[in-house]
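The values are calculated or read from the model by the stated rules, or taken from the named source; none is laboratory data. Nothing here was measured: the structure is a model prediction, and the numbers come from that model. Here the Cβ positions follow ideal geometry from the backbone for every residue, glycine too, while neighbour counts run over all protein chains shown. For accessibility, only protein heavy atoms count, side chains too; no ligands or nucleic acids. Shrake-Rupley method; radii C 1.70, N 1.55, O 1.52, S 1.80 Å.
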Amino acid sequence: MGNHTGYEEFILLGFRTGRKAEIFLATVLMVVYTSTIFGNLTILFITISDSSLHTPMYFFLGNLSVLDLFFSTVTAPSLLRNLLSGIKTISFVSCMAQSYFYFFLGTVEYFLLMSMSYDRYVAICNPLHYPVIMNGCFCIKMVVACWLAGFAFVLYPTIMVTRFSYCRSNVIDHFFCDSEPLLELSCTDTSSVQIVLFVLSSVVILCSLNLTLVSYIYIASAILVIPTDSGRKKAFNTCVSHLTLFLMASSVSILLYVIPPKPSTLGARKIPALLSSILNPFLSPFVYTLRNNLVKTILRKLFDQAQTFMVQKAEKFFIIVVRFVGKGRI
């Protein structure tokens, strides 16, 4: 990054609205971001603490919760600072780091969701061999491969972007350092990197989408031949939430990174990007896990245990206070 020339910091315009609208948006964002942190930490806690959730499906969901925690944190804090304090500047190094981690974590999420669709395919279409195929070692290898693939896919274009000269302007018409608005500011020829970014985005998004859809075609075929209505409903509920959120994420990403943007539409990327980076991590715990009856039962049990623990501690404290007061009177 020491070879670049031009500005040492950028200005993120964010959402150019009035002050009241910015405070309202910051309030909503704060609630959503806090709920995202709480929801994903809850999923992590129960998947680690309860042995009945030590299964491949919840292993992938736990990793997805870690991913969503990081992914939302890449953009939400800087956007909150932008809205509340009015400080819109970001250093060159921070901008490059934000851009890298945004695309790195987004890429890992697609590979992870694709792995989850394979897990559901094996569980429903080949249930007798499921424990053998989706054993612990294989699941760990799949997750590690997802993270390594995300790291490798995004590293080269990020290195290229850091070497460009940015001398046209230092004003980014976005709320984070997205690739396209950032490249618009470069006075270097960026066509080669734009082609690389387009190819990589298309490979990651479209390949994961197609493989996931193929998995669910086989899953749907298997569900239709289940003899009982309750069995079909249970299998359908297990998979429909995964597919719904995946289609939401992929449709937004196709709009942002696969369809070539026009210069006049760059400003319109903010809302879809906000949905992708903030709303999806917020919805993920509720769609994937917190609606699950088993998880609800575990949460009730943990709540009852915590309530019992607090009552016992309160009783002991009350007894100590009563004894202390009684001795004082004597």
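Using a 7 Å offset from Cα along Cα-Cβ at residue 218, what residues in the range 91-118 end up with backbone N under 17 Å from the label point?
It comes to 113-118, nothing else.
Provide the FRET efficiency to the nearest 0.05 for the residue 169-residue 259 pair, computing r from the beta carbons and using R0 = 25 Å. Walk me through the intermediate numbers first.
On the way: r = 25 Å, r/R0 = 0.99.
So, using R0 = 25 Å, E works out to roughly 0.50.
Using the heavy atoms of the protein chains alone and a 1.4 angstrom probe, what is the accessible area of the range 9-317 per residue in square angstrom?
Per-residue value: 49 Å².
When all protein chains stay in place, what accessible area (Å², nearest 10, 1.4 Å probe) is found for residue 240?
Its heavy atoms expose roughly 50 Å² to the probe.
Can you give the extra length, in nm with one decimal, that the chain gains between residue 30 and residue 8 once fully stretched, where that is 0.36 nm per residue apart less the Cα-Cα distance? Working shown, then result.
Details: separation 22, 0.36 × 22 = 7.92 nm, distance 2.92 nm.
Residue separation times 0.36 nm, minus the Cα-Cα distance, leaves 5.0 nm.
Using a 1.4 angstrom probe on the protein heavy atoms only, could you order 177, 207 from most to least accessible area?
Heavy-atom accessible area, descending, gives 207, 177.
Could you list which residues have their amide H under 5 Å from that of residue 14, counting only those 5 or more apart in sequence or on another chain, with H placed in the peptide plane?
Those qualifying (amide H under 5 Å, at least 5 residues apart or on another chain) are 174, 175.
Carbon-plus-sulfur fraction of the accessible area of the range 9-317, 1.4 Å probe, in percent?
For the range 9-317, the apolar C and S fraction of the accessible surface comes to 72 percent.
Heavy atoms only, 1.4 Å probe, whole protein assembly: order 16, 232, 163 by accessible area, highest first.
In descending accessible area the options line up as 16, 163, 232.
Express in nm, to one decimal, how much length is gained between residue 138 and residue 301 on full extension, taking 0.36 nm for each residue of separation and deducting their alpha carbon distance.
That works out to 55.6 nm of additional length.
Express in nm, to one decimal, how much length is gained between residue 54 and residue 191 on full extension, taking 0.36 nm for each residue of separation and deducting their alpha carbon distance.
44.6 nm
Once the whole set of protein chains is in place, how much accessible area is left on residue 229, using a 1.4 Å probe, in Å² to the nearest 10?
110
Do any chymotrypsin sites (Phe, Trp or Tyr not before Pro) in the range 1-88 lie in a loop, going by DSSP, with at most 11 other beta-carbon atoms within 10 Å of their beta carbon, and if so which?
For chymotrypsin sites (Phe, Trp or Tyr not before Pro) across the range 1-88 that sit outside H, G, I, E and B with at most 11 neighbouring Cβ atoms in 10 Å, the list is empty.
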